[in-house]
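Notes follow once the structure below has been shown.
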Amino acid sequence: MAGKGDIRERIEALRERIRYHGRRYYIEDAPEISDSEYDALYKELESLEADHPELVTPDSPTRKVGGEPLEGFEEVRHAVPMLSLSNARKSSDLREWDTRVRRRLGPEEEERLRYVTELKIDGLAISLRYENGRFVRGATRGNGTTGEDVTENLRTIRSIPEKLDGDPPEVLEPRGEVYIGLEEFEKLNQRQEAEGKPTYANPRNLAAGSIRQLDPKNTASRPLTVFLYGVGEGYGEYESHSASLAALKSHGLRVNPYQVHDSIGSVVEECERWAEKRTSVGYQIDGVVVKVDSRRQQEMLGSVQKAPRWAIAYKFEPLAGRTRLKDIFVHVGRTGALTPQAALEPVNIGGVTISRATLHNEDYIKEKGILIGDAVMVERAGDVIPQVVRAVSEERTGDEYAFEMPTKCPVCGEPVSRPEGEAVTRCVNIRCPAQALEHIIHWASKSAMDVDGFGEKISTRFFELGLIKDVADIYGLEAEQLIPLEGFGEKSAQNLIRSIERSKEQPLPRVLYALGIRHVGAVTAELIAEHFGGEDLLRGVESEKLTEIDGIGGVVARAVAEYFSLEDNQNLVERLMEIGLDFERVSAGPAEGPLAGKRVVVTGTLSRPRSYFVERIEDAGGTFTSSVSSNTDYVLAGEVAGSKLDRAREAGVAVLNEAGFEELLSQEPRSSATST
């Protein structure tokens, strides 16, 4: 039986993979795995978290919908969250869902139970806000709670009217999907090809990228349209889902075609019918959405986590096609992973021309017996990079040959390594350009150091210009370097530099997570930071010491020990410490005490070793930090205190000498309630 540490490791590994692939799908519009593969990872994480609720964290992907809002757009908070849907892969899944719905509603509601089915469009989810019949704002779904304000881009879509017909509610928020038809998509790609430009991967990515253009003129040049399938604000005006759709249609909005059903049997027939004829519609669909029609019954059923109990998505089985494998090339990711990719003779699968597909790893190619030059079967499981599922070996001519994983990184030329027991081959050069850029993007992200304004586009631009080569270089940037760059002015350059400086205040767990150590997610970083500071890790921590921490298993321990044993990594961490980032161990002290909830900096020469005062601070419920920030409560200053004392005075932070420190510790903890 797996121990708790192993389970925690697996959960963190799943979260890291899901976040990575979620970012590739929702934010970068460049997915790497199929929907079914992503769903399998997600379901495994959901199952583990259900069995171990004590390991659930607020930032888990299971607590979010979609991706975080992109930088460059104003954020919009949805008054009614835009939820995602649970999936059904088989007819039996639909019938089991129907049983759960009926059981929750009770026998008195069964006779009135009706369902609505709609085709599940594969585009970009958006919401439109109309006030007094006029279009005032449009937003993407984002993470379900907060999206991007893309009003001006949505105004360019002709199927979104500026003014509604009839007498709509005072506030009406239709929701739907922006997409590009298959015929228009193919024409656009033919034009790109004729002009010698790269073709677009698929309609979904093109639609999403078009809506996220910073210049609405670019959006206007794309053949976008919209189907609406629901209502956020204003839904209370209607007694049923079908009534809300009929109302949207009467107001001049383009509504997703729908059918009302009196039984689950009728629903199943409809889903199976569309599974057979899905290629007959002029746009991409990947399933059928089924909803309880009655609004009152929807309210009775409610929601669980991020999905309503009253709706489910019946997902189609993957589409497949036959083509030839021309070659295999290798992609290098942020963690150095070398992933084989198939170069295919173009093949049309479900209305989309496919010319590349994933081959996962070296073992997958060998297990499937795939040779370069083979005729192969390719599956497109949803709107993502397809996968080669098997070779048509009976058609071989003898000219086919085996793929060999390179022994050197195709990007930097350094040796690669495949650790025993792992399926993935990796580039071990921490300075590999392919890894360096991905690491910079990860470092600056909201979940890591949260450098506001330093998104993927800025990271890539600065990296390509040679302004930064690694994450430590970020802290050497100056406003004067940025002002001459296109898109920057004095104010925006200074704002970015201030944001970079603020990131120095992030605590050690954030810094450890931002370093991008394999298998180290946010929770694991917290555990490590409670036991080891930066100096401890740089001196070299044996993996055995790390496994003594409850929740840290052997795989994580070895990854951490290996990371800090490499000279390049040591040099990077030392530079970050010199820059002023917080590498001090995090206190896990008591919640109560005279310093409960207080952050204390110790500086200068004191009568006793610094470790004595750190221990006193933690015993009193406080947190010792290494740098002065706006969050610092006290600075304990000895002789020759230097720049930290100066910063404390500038920021108005209370400064204590040793006598004042002892007096503070002698006070009784303050009660949470006071009397007058």
Taking every other residue with Cβ under 12 Å from the Cβ of GLU362 and scoring Lys and Arg +1, Asp and Glu -1, one gets 0
To the nearest 10 degrees, the tilt of helix 35-51 (Cα long axis) against the first principal axis of the alpha carbons of the chain is 50 degrees
Per the helix-only model, the chain has a calculated mean residue ellipticity at 222 nm (DSSP H runs of ≥4, -39500 (n - 2.57) each, divided over all residues, rounded to the nearest 500) of -10500 deg cm²/dmol
Taking the reciprocal of mean 1/r across every pair of different Cα atoms in the stretch 320-429, the Kirkwood radius in Å is 14.5 Å
Computed ³J(HN,Hα) along the stretch 567-575: with the Karplus parameters 6.51/-1.76/1.60, θ = phi - 60°, integer Hz and x for glycine or proline, the list is 4, 4, 5, 4, 4, 4, 5, 4, 4
Given 636-649, 117-130, the highest-first ranking by average Cβ count within 10 Å works out to 117-130, 636-649
Singleton cysteines, the chain, no second Cys beta-carbon under 4.7 Å -> CYS271
Going through LYS43/LYS315; LYS187/LYS457; LYS187/LYS277 one by one, the pairs whose alpha carbons sit over 18 Å apart turn out to be LYS187/LYS457; LYS187/LYS277
For PHE488, PHE316, ascending order of other Cβ atoms within 10 Å (fewest first) is PHE488, PHE316
Classified through the alpha carbon gyration tensor (a ≥ b ≥ c as square roots of its eigenvalues; rounded if a/c is under 1.5, else prolate when a/b is larger than b/c, else oblate), the stretch 433-505 comes out oblate
Taking a ≥ b ≥ c as the square roots of the eigenvalues of the Cα gyration tensor, with a/c under 1.5 meaning rounded and otherwise prolate when a/b exceeds b/c and oblate if not, the chain is prolate
Compactness summary of the stretch 538-650: radius of gyration and Dmax from Cα atoms, Å, are 16.4, 46
The size of the Cβ-based charge dipole (Lys, Arg +1; Asp, Glu -1) of the chain about the Cα centre, to the nearest 20 debye, is 1340 debye
Per the Cα gyration tensor, the stretch 243-308 corresponds to an equivalent ellipsoid with semi-axes, largest first in Å, of 22, 18, 13
In degrees, nearest 10, the alpha-carbon axis of helix 456-465 is tilted away from the dominant principal axis of the alpha carbons of the chain by 70 degrees
Counting only residues 5 or more apart in sequence or on a different chain, those whose built amide H sits under 5 Å from that of SER294 are ARG114, HIS241
With Cα coordinates, the longest principal axis of the chain makes an angle with the long axis of helix 610-619, in degrees rounded to 10, of 60 degrees
Length-normalised contact order of the chain, Cα under 8 Å, at least 6 apart, in percent, tallies to 11 percent
By the Cα gyration tensor axes a ≥ b ≥ c (a/c under 1.5 gives rounded; else a/b larger than b/c gives prolate, otherwise oblate), the shape of the stretch 138-295 is oblate
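Each reported figure results from applying straightforward, stated rules to the coordinates on display, with no laboratory input. Since the model is a prediction, treat every value here as computed from it, not as a measurement. Positions of Cβ are generated from backbone atoms using ideal geometry, with glycine treated the same way; all protein chains shown enter the neighbour counts.
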